[in-house]
Amino acid sequence: MSEIKKVLIIANGLKEESRAVSKEISSFFEERNIAVSTVFTLSNDEEIRIDDDISLVCSLGGDGTVLYAARMVHEKGLPILPVNLGTFGYITEVSKDEWKDALHHYLEKGDNLSRRLMLKVSVMRNSEKVRQFYALNEVTISASGISKVVKLQLFLNNTLAGSFKSDGLIIASPTGSTGYSLAAGGPILSSSLAAFVITPICPFTLSNRPLVVSSDTKCKVKINENQRTDLILSADGQESFALDEDDEIIIEKSISRALLITSAKRNFIDVIREKLHWSGEFHA
């Protein structure tokens, strides 16, 4: 394990098993003379320090903990071992009883490292950038209060793709295609694809359908004037920002990617078959 110098454990402090599993993982590395630091988080907007000598991150919790960890470390190019304290999730497909197998496979072969596309989101107001986000799953633009129809314009590479009257708009990565976008009627994308899926939420016009575009596409959403409600931008359902009329939101692929160590026992199809209760055949 000479490749690993120091391990950072990011654990969901609200889950009862976090301390027991984090202690188990810490002991594993410390027995091999590898330093370990642990952070127990209570919310998804805490800022944590990522030391320069960290070479591996373990996230303990569920998919939400991985989304948080990915935003914290993606720019440093650190691999994340996502351990689910339940069974397994869409992203955290490594269960708490399998983390050693996944880790050993990564250290010995390295072919279970998934490089996940991330979104870079910029909010432009009066031609100035007022906020920037990164997201592993999706960015959502919607009403901030009780659901009301919002009016948005979507531009793809500076070409007007359409005007939308809907409850909102989701722009998701392939990883996020199994999340909110799927619930809103969007397609499932293989996690290895270089693409975005754009999904209207309850569109007023039935011809407004989900759209899949290349990840090289620069997506821009303009907030129309005369809205009947306040609007909000949400990144991964964890970070948010209040929007104004005439704001422009630029969504493009991030230069950096989230590096996730995947299960050595199941693949993407295994996960979605189990989670979506398919019979195992695509015509089910």
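The values are calculated or read from the model by the stated rules, or taken from the named source; none is laboratory data. Owing to the predicted nature of the structure, the values given are computational and were not obtained by experimental measurement. Here the Cβ is made from the backbone with ideal geometry for all residues, glycine too, and neighbour counts use every protein chain on show. Ligands, DNA and RNA are excluded from the accessible area calculation, which covers all protein heavy atoms including side chains. Shrake-Rupley method; radii C 1.70, N 1.55, O 1.52, S 1.80 Å.
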Problem set entry | Carbon and sulfur %, accessible surface of the chain computed with the full protein complex present, 1.4 Å | 46
Problem set entry | Formal net charge of residues neighbouring E248 (Cβ-Cβ distance under 9 Å; K, R +1; D, E -1) | +1
Exercise. Ranked by accessible surface with a 1.4 Å probe, highest first, in what order do D45, D52 come?
Worked result: D52, D45
Exercise. What percentage of all Cα-Cα pairs in segment 223-284 are separated by more than 19 Å?
Worked result: 63
Exercise. By the gyration tensor of its Cα atoms, with a ≥ b ≥ c the square roots of the eigenvalues, what is the shape of segment 1-66: rounded for a/c under 1.5, prolate for a/b over b/c, or oblate?
Worked result: oblate
For this session: Would you mind computing, in nm to one decimal, how far apart the modelled labels at T229 and E274 are, each placed 7 Å from Cα along Cα→Cβ?
Result: 3.6
Seminar exercise, completed: A student asked for the Cα radius of gyration and Dmax of the chain in angstrom ought to give 19.7, 63
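Accessible area per residue, 1.4 Å probe, Å², for segment 47-126: what's the number?
38
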Exercise. Just by accessible area at a 1.4 angstrom probe, what is the order of I269, I261 from largest to smallest?
Worked result: I269, I261
For this session: Over all directions, average the projected area of the Cα convex hull of segment 173-282 and note it in nm².
Result: 9.2
Exercise. For segment 147-225, what does the alpha-carbon gyration tensor say about shape, rounded, prolate or oblate, given a ≥ b ≥ c as the root eigenvalues, a/c under 1.5 as rounded, and a/b over b/c as prolate?
Worked result: oblate
Exercise. Out of the DSSP beta bridges found with both residues in the chain, what percent are antiparallel (nearest 5)?
Worked result: 75
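Roll a 1.4 Å probe over the protein chains and send me the accessible area per residue for segment 225-284 in Å².
58
Give me the extension gain from T159 to I146: residue separation times 0.36 nm, minus the current Cα-Cα distance, reported in nm with one decimal.
Full extension of this stretch gives 1.5 nm more.
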For this session: Work out the FRET efficiency for A183 and L206 from their Cβ-Cβ distance, taking R0 = 22 Å, and round it to the nearest 0.05.
Result: 0.75
Exercise. Hey, if you put +1 on the Cβ of every Lys and Arg and -1 on every Asp and Glu Cβ in the chain, which of S177, S114, M72 ends up farthest toward the positive end of that dipole?
Worked result: S177
